[in-house]
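Peer 1: Let me give you the structure first, and then I'll get to my questions.
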Amino acid sequence: MRRYEMVLVAAPSVAEEALDQQITGLENLIAEMGGKVLKVDRWGRRKLAYPIKKFNEGNYTLLLYDAEPEVEKEILRRVRLSDTFLRFLSVRADHERPPTEEEKAELEERRREQLRRAAERAAQAAAEAARQLVAEEEKEDEVEGDEQPEDADEEEAGDEAGEPPEAPDDAGDETAEAPADGSAGKEE
């Protein structure tokens, strides 16, 4: 069911009893066809914004009801055929209707389903990120594992080339300090 709001403007020359009878007829039609009248608000006689059928005033009535679209079509047909009303406007007002218990349960179920799907997506994304991280670490380990034997191979290649091992720093210092004339340790 949808919620509708209808404003009816009746000619001021229509008697109150005739107007009441027309409004009651609309209420009965809504009820007979499975709808529900929520509010009937009489605004009374008001000045029109512009003359309609040579009338400067009209009797305003607000009708708020829940009904199926077929009911709405029948109401509009009857109002159009009536000579009582100068103008009318009917609009869907679903935005004002609070949700029913069934609709609340359905909305809650949808929300839970969306949260569950979001949690699944987040878990899948986290698992994928973890797999990628593990794969990157394995690649780094393979690269590091490949580099270590290469370093060891380079050291072995240097020894085989006949390069003498480096002498300790102490040995080189003694020979460099000895005087060339052979007077080691003598002072004059």
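Every number here is computed from the coordinates shown, using simple stated rules; none is lab data. Just so you know, these numbers come straight off a predicted model, no measurement behind them. Note that we place each Cβ from the backbone using ideal geometry, even for glycine, and neighbour counts take in every protein chain shown.
Peer 1: So if I take the centroid of the Cα atoms in region 29-46 and the same for region 79-142, what is the distance between those two points in Å?
Peer 2: Each part reduced to its Cα centre gives a spacing of 34 Å.
Peer 1: At 0.36 nm per residue, minus the direct Cα-Cα distance, what do Glu102 and Ala49 gain on full extension? Give it in nm, one decimal, please.
Peer 2: That works out to 14.8 nm of additional length.
Peer 1: If you don't mind, there's one more thing I want to ask. Multiply the residue separation of Asn56 and Val143 by 0.36 nm, subtract the distance between their alpha-carbon atoms, and state the gained length in nm to one decimal.
Peer 2: Difference between extended and current length: 22.1 nm.
Peer 1: Per q in 0.25 1/Å, what log10 I(q)/I(0) does a Debye calculation on the alpha-carbon atoms of region 2-94 return?
Peer 2: Ignoring solvent entirely, the Cα scatterers give -1.35.
Peer 1: Give me the percent of Cα-Cα pairs in region 98-150 that sit more than 13 Å apart, rounded to a whole number.
Peer 2: 72 percent
Peer 1: For Thr84, Thr24, what's the fewest-to-most ordering of other Cβ within 10 Å of each Cβ?
Peer 2: Thr24, Thr84
Peer 1: Further question: Exposure proxy check: Val71, Val143 ranked by fewest other beta carbons within 10 Å? Walk me through the intermediate numbers first.
Peer 2: Details: Val71 21, Val143 9.
Fewest-to-most ranking of Val71, Val143: Val143, Val71.
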